[in-house]
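K.L.:
Following this message is one structure expressed as structure tokens.
The values are calculated or read from the model by the stated rules, or taken from the named source; none is laboratory data. Just so it is clear, the model here is predicted, and its values are computed rather than measured. A quick note on method: Cβ atoms are made from the backbone with ideal geometry, for glycine too, and the neighbour counts reach across all protein chains shown. These area figures cover heavy atoms from the full protein model, side chains too; ligands, DNA and RNA do not enter into them. Shrake-Rupley method; radii C 1.70, N 1.55, O 1.52, S 1.80 Å.
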Amino acid sequence: RFQACVYFASVFQAMSCGIHYLASVFMAVTPNFVCGFPGNVSSILFHNSSASSIQDIWTLWTSTENYVVVQLENGEIWEINQCSRSKREVSLDLAYEYKGNKSVFLCSDGFLYDDTKWKSTVVTQWDLVCDREWLAKLIQPMFMLGVLIGAVIFGDIADRLGRQRVIWFTSAGQFVFGIAVAFTFDYYSFVIVRFLLAMVSSGYLVVAFVYVTEFVGIKARTWASMHVHAFFAMGIMIVALVGFLVRTWWVYQIFLSIATLPFVLCCWMLPETPFWLLSEERYEDAQKVINTMARWNKVNTPCKVSELCSVQQDDPVSGRTGENDMSSTKKHNILDLFCNWQIARRTITVWLIWFTGSLGYYVFSLSSVSLGGNEYLNLFLIGAVELPCYIIACVAMDKLGRRNTLIPFLILSALICVLIMFIPQDFSILIILANMAGKFSIGVAFGLIYLYTAELYPTIVRSLAVGSGSMMCRVGSVVAPFCVYLRSVWIFMPLLLVGIMALLSGILTIMLPETLGKPLTNTLVEATEMGRNKKSCSGKTPPAHGGAALEKIEMFGQETISTEK
């Protein structure tokens, strides 16, 4: 009961991380636009259609190459493009086609935007079009850069100051910075505040992942940790819903930020984890938390921290092992992930999977609003398809194995990317379904790689391996928005890149060893042998040193700490 309350309270806030990560898909929309008119307009001509207002023309607008011809009240005739306007030297009859001399001028009177879908976006607010378009394209990459930095900073702070304090700070930060974004006064303050919002959002997701893992029992740990991602996906669905209901960007941002308020009001009641308290030798505080857990769960004889400590002190083998592990861990660095060809090849493959998983995840998510049809429904479905994918991942990884689940889903995502390229653009429903399938397959691989990486490496470098893999994941999330922008070069370019990376990752994964049912390795020699000889570590007997079961439980919790670093 106690763990369930802590779990659902913590992962509820993970929805706000999904909200802020994908909020820009509607907040930074660029609608149809043209240069501002140089005076009062008497009539407007667009091909064979005439109108008295630009609002009547937007329904006919089909391409960025289009232009409108306007006649001013003083008789002048102008051709209005998106980023320039031309004055016809000879003003005779109002006609769409004109081959005479023209004088070209810049858009000194601002721009006119199509507000039929969105009343206001950050693009229309600060005219992030034409020569300022690159500023709009930096919004999402800058946010993802904040995600990367926040994961590193708050992951380390959580180890030093505790999970509880970081959860308090990042939760309050998400609410404060989320509201502050709506009241920024210019583009640069907007980007800076969103950068800070990204840091605290990423920090919360990192620490919440660790927090729930350290509270949940080992039997439910895989399912519980995997479904933190499911609540993140629910946040994406909320973005779609709020985007459909609210069409002014700053009101939209406020509504999204309010979703974090219930947790902010009650997060101060969450306790510190006993794991962290014990690691800091705060035994009395740990005992208080354990006693509270016992009362909630109606356990009459709760665990005594003093007894646990005395058992550890009386076990010289376990004590020596811990000291050796600690001393050896301090001596190892990132170069040990390339200590021999077997481990180096494993590291390159794992890094590639992390990068591909993140790249594919955000490419499918960010590009969902450009698939045609209803963009709000598209994003909602892209989020909803993640919910069953984590269930499938949990079942498959325990029944078929980690590698045997990862390979087919990576290759399947590559095949789906190729399939989408051959679907005619008129078949929008089929394209949306195929993109959902692609997001499903890459989501399974993305969720599985967390645990698989921890099992592929020995104790002495496991934190380094998972932490470096997570860093490659963040690099993929930074690259993903730029990859989506390549649609302007070729509409299928993002899918082609994701497909190539997924296929390459799937092929290289064949060379990785299976870890299902195998004990965790402790040295680089054991990890290397696991790759060379599948039978060498296939026994069900755990490593032969005292306290192995407790070590494995604690180890998993500590590695999860580094997963998001």
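K.L.:
Can you tell me how many residues within the range 196-224 are modelled with pLDDT of 85 or more and surrounded by fewer than 24 Cβ atoms within 10 Å (Cβ to Cβ)?
P.N.:
Of the residues in the range 196-224, 1 are modelled with pLDDT of 85 or more and surrounded by fewer than 24 Cβ atoms within 10 Å (Cβ to Cβ).
K.L.:
If you don't mind, another one. Among the listed residues Val41, Val11, identify the single one that is at pLDDT 85 or above and either assigned by the TED database to the domain that holds Asp109 or open to solvent by less than 50 Å² (accessible area, probe 1.4 Å) (or both).
P.N.:
Val11
K.L.:
Here is a follow-up. When the range 134-167 is examined, which residues are found to be over 20 Å from the mean Cα position of the chain (by Cα) and modelled with pLDDT of 90 or more?
P.N.:
Within the range 134-167, Trp134, Leu135 qualify.
K.L.:
Among the numbered criteria (1) surrounded by 14 or more Cβ atoms within 10 Å (Cβ to Cβ); (2) of a type outside the set (Lys, Arg); (3) free of Cβ contacts under 8 Å to residues at least 40 places away in the same chain; (4) over 30 Å from Phe143 (Cβ atoms), which one does Met397 miss?
P.N.:
Of the numbered conditions (1) surrounded by 14 or more Cβ atoms within 10 Å (Cβ to Cβ); (2) of a type outside the set (Lys, Arg); (3) free of Cβ contacts under 8 Å to residues at least 40 places away in the same chain; (4) over 30 Å from Phe143 (Cβ atoms), the odd one out for Met397 is (3).
K.L.:
Then there is this: Suppose the filter is modelled with pLDDT of 85 or more, of a type outside the set (Gly, Ala, Ser), over 23 Å from Leu366 (Cβ atoms) and in the same structural domain as Arg194 (by the TED database); does Asp131 pass it?
P.N.:
yes
K.L.:
When Thr301 is evaluated against the numbered criteria (1) modelled with pLDDT of 70 or more; (2) part of a helix (DSSP H, G or I); (3) of a type in the set (Ser, Thr, Tyr), which criterion, by number, is the only one it fails?
P.N.:
Here Thr301 clears every test but (2).
K.L.:
Could you tell me whether the range 96-111 includes any residue that is open to solvent by 20 Å² or more (accessible area, probe 1.4 Å), within 46 Å of the chain's Cα centre (by Cα), of a type in the set (S, T, N, Q) and within 15 Å of Pro31 (Cα to Cα)?
P.N.:
No, the range 96-111 contains no residue that is open to solvent by 20 Å² or more (accessible area, probe 1.4 Å), within 46 Å of the chain's Cα centre (by Cα), of a type in the set (S, T, N, Q) and within 15 Å of Pro31 (Cα to Cα).
K.L.:
Then there's this: Is it the case that Pro458 is more than 19 Å from the chain's Cα centre (by Cα) and within 22 Å of Gly517 (Cβ to Cβ)?
P.N.:
yes
K.L.:
For the range 375-394, which residues satisfy the criterion of being under 18 Å from Val29 (Cβ atoms) and either open to solvent by 10 Å² or more (accessible area, probe 1.4 Å) or modelled with pLDDT under 90 (or both)?
P.N.:
Result: Glu375, Tyr376, Leu377, Phe380.
K.L.:
Taking only the range 174-211 into account, find how many residues are of a type outside the set (Ser, Thr, Tyr) and closer than 19 Å to Leu265 by Cα.
P.N.:
Adding up the residues that qualify gives 13.
K.L.:
Just to check your reading of the model, which residue among Gly499, Gly557, Gly517, Gly476 is part of a helix (DSSP H, G or I) and modelled with pLDDT under 85?
P.N.:
None of the others qualify; the one that does is Gly557.
K.L.:
Something else now. Among (1) of a type outside the set (Asp, Glu); (2) open to solvent by 20 Å² or more (accessible area, probe 1.4 Å); (3) within 23 Å of Ala23 (Cα to Cα); (4) modelled with pLDDT of 85 or more, which single condition is Gly372 missing?
P.N.:
(4)
K.L.:
Being out of contact with any strand residue (DSSP E or B) (no Cβ under 9 Å at 6 or more places or on another chain), of a type in the set (S, T, N, Q) and farther than 24 Å from Ala445 by Cα is the filter here, so list the residues in the range 214-265 that pass it.
P.N.:
Gln253, Ser257, Thr260
K.L.:
What pairs come out if I take residues in the range 249-261 that are outside any helix (DSSP H, G or I) and pair them with residues that are among the hydrophobic types (A, V, I, L, M, F, W, C) whose C-beta lies under 7 Å away, six or more apart or interchain?
P.N.:
Note: pairs meeting the criteria are Ala259/Met15; Ala259/Ile19; Ala259/Ile238; Thr260/Phe175.
K.L.:
Same structure again: Only residues in the range 264-291 that are surrounded by fewer than 16 Cβ atoms within 10 Å (Cβ to Cβ) count as the first member; pair them with residues that are of a type in the set (Asp, Glu), Cβ under 9 angstrom, at least 6 apart or cross-chain, and list the lot.
P.N.:
Pairs that qualify, where the first residue is surrounded by fewer than 16 Cβ atoms within 10 Å (Cβ to Cβ) and the partner is of a type in the set (Asp, Glu), are Ser279/Asp159; Ser279/Glu554.
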